[in-house]
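Here the structure comes first, spelled out in structure tokens, and everything after it is commentary.
The values are calculated or read from the model by the stated rules, or taken from the named source; none is laboratory data. Since this is a predicted model, take the numbers as computed values, not measurements. Counting neighbours? That spans all protein chains shown, and the Cβs are built from the backbone with ideal geometry, glycine included.
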Amino acid sequence: MKQRSKEYYELMKRRRSVRDFSKRPVPVEIIKHAIRTAGTAPNGANLQPWHFAVVQSADIKKRIREAAEEEEKAFYNDRAPDEWLDKLAPLGTDEHKPFLETAPYLIAVFAQSYGVDKHGKKQKHYYVKESVGIACGFLISALHNAGLATLTHTPSPMGFLNDILNRPSYERPFLLLVTGYPSDEAKVPLITKKSMSSLATFH
Ligand SMILES: Cc1cc2nc3c(=O)[nH]c(=O)nc-3n(C[C@H](O)[C@H](O)[C@H](O)COP(=O)(O)O)c2cc1C
């Protein structure tokens, strides 16, 4: 068990957010297995308040890129407070999102604020954000384990995803997971992670 826990840590510490993707195709079975893994996540009252919309179509990816870049332009040029921009500067991000067209998959994760049963009656969901956040963690780790890179992308606001992907208004876009292989030139920013002494306390 000690060995397995260490090996899992060694695997996961190699995950990094990638912002430069290759066009190299990825078998859809890998994406399906990763989504099935996400679907095993613990969640409030087992109501599974999530939906994963997988985009492969070049046309839909183009529409998502255009809409995301419009929001991101407003974010970087007007909406974002200076303090936030200062924090983003070392990551080198800006309003240009070519990876939204180059990556073979965009997985749009939706959080269902409530469900609708077969009689059309609303069903309250519990701990929606916590549940969907945990499912996204499972999804990211499953894709990483399969040898794929991801970028957790949150163009703000993301309401355009409901229109483009035809999702109902009770589903809120949670994040967009850009998925594929890194390009040969991909670089990641030099960052550090918290050390054990600030990461955890043992009582
Ligand atoms: C909820 C969330 C939203 C994020 N949104 C963006 C984003 O819109 N654009 C981006 O380039 N990175 C985004 N990131 C990626 C973070 O910048 C990245 O995870 C962080 O810098 C740590 O780097 P690492 O993932 O390589 O460890 C987001 C991450 C999370 C968890």
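If you go through the range 81-98 and keep only what is touching a helix residue (DSSP H, G or I) at 6+ places or on another chain (Cβ under 8 Å) and assigned to a loop (DSSP other than H, G, I, E, B), you end up with Asp94, Glu95, His96, Lys97, Pro98. Residues in the range 24-31: is at least one at pLDDT 95 or above, among the charged types (D, E, K, R) and in contact with a Gly (Cβ under 8 Å, 6 or more places away or on another chain)? Taking every residue of the range 24-31 in turn, at least one turns out to be at pLDDT 95 or above, among the charged types (D, E, K, R) and in contact with a Gly (Cβ under 8 Å, 6 or more places away or on another chain).
Here is a check on your reading of the model: is Ala146 closer than 24 Å to Ile35 by Cα and away from the ligand (no atom under 13 Å from the Cβ)? Criteria met by Ala146.
When residues in the range 13-54 are screened for being assigned to a helix (DSSP H, G or I), among the small types (Gly, Ala, Ser) and either within 16 Å of the ligand (Cβ to nearest atom) or free of Cβ contacts under 8 Å to residues at least 12 places away in the same chain (or both), 1 of them pass.
Annotation: Pro104 fulfils all but one of (1) more than 16 Å from the ligand (Cβ to nearest atom); (2) under 19 Å from Met158 (Cα atoms); (3) buried (at least 17 other Cβ atoms within 10 Å of the Cβ); the unmet one is (2).
Can we say Glu101 is in a helix (DSSP H, G or I), of a type outside the set (A, V, I, L, M) and closer than 19 Å to Pro25 by Cα? So Glu101 fits the description; yes. Filtering the range 20-44 to residues that are out of contact with any helix residue (DSSP H, G or I) (no Cβ under 9 Å at 6 or more places or on another chain) and within 20 Å of Ala111 (Cα to Cα) leaves only Lys32.
For the condition surrounded by 11 or more Cβ atoms within 10 Å (Cβ to Cβ), over 25 Å from Asp184 (Cβ atoms), touching a Leu at 6+ places or on another chain (Cβ under 6 Å) and of a type outside the set (D, E, K, R), Ala34 does not qualify.
With respect to Ile60, determine if the residue is closer than 14 Å to Ala149 by Cβ and either surrounded by 16 or more Cβ atoms within 10 Å (Cβ to Cβ) or away from the ligand (no atom under 16 Å from the Cβ) (or both). When the stated conditions are applied, Ile60 does not pass them. Set side by side, the residues Lys97, Lys73 differ, and just one is free of Cβ contacts under 8 Å to residues at least 60 places away in the same chain and more than 22 Å from Val188 (Cβ to Cβ), which is Lys73. Tyr127 meets the stated requirement of being on the phi > 0 side of the Ramachandran plot and either touching a residue at least 40 places away in the same chain (Cβ under 8 Å) or within 12 Å of the ligand (Cβ to nearest atom) (or both). Might you check whether a residue that is at pLDDT below 95, surrounded by 13 or more Cβ atoms within 10 Å (Cβ to Cβ), at negative phi and not in a helix (DSSP H, G or I) occurs anywhere in the range 72-80? Checked against the condition, which is being at pLDDT below 95, surrounded by 13 or more Cβ atoms within 10 Å (Cβ to Cβ), at negative phi and not in a helix (DSSP H, G or I), the range 72-80 yields at least one hit.
How do the helices (runs of 4 or more DSSP H) wholly within the range 111-202 filter down when requiring 1 or more residues that are in contact with a strand residue (DSSP E or B) (Cβ under 7 Å, 6 or more places away or on another chain) and surrounded by 13 or more Cβ atoms within 10 Å (Cβ to Cβ): which remain? Counting at least 1 such residues, we get 128-145, 160-165.
Restricting the range 68-97 to residues that are within 16 Å of Met158 (Cα to Cα) and among the aliphatic types (A, V, I, L, M) leaves a set whose member that is nearest to the ligand (Cβ to nearest atom) is Ala68.
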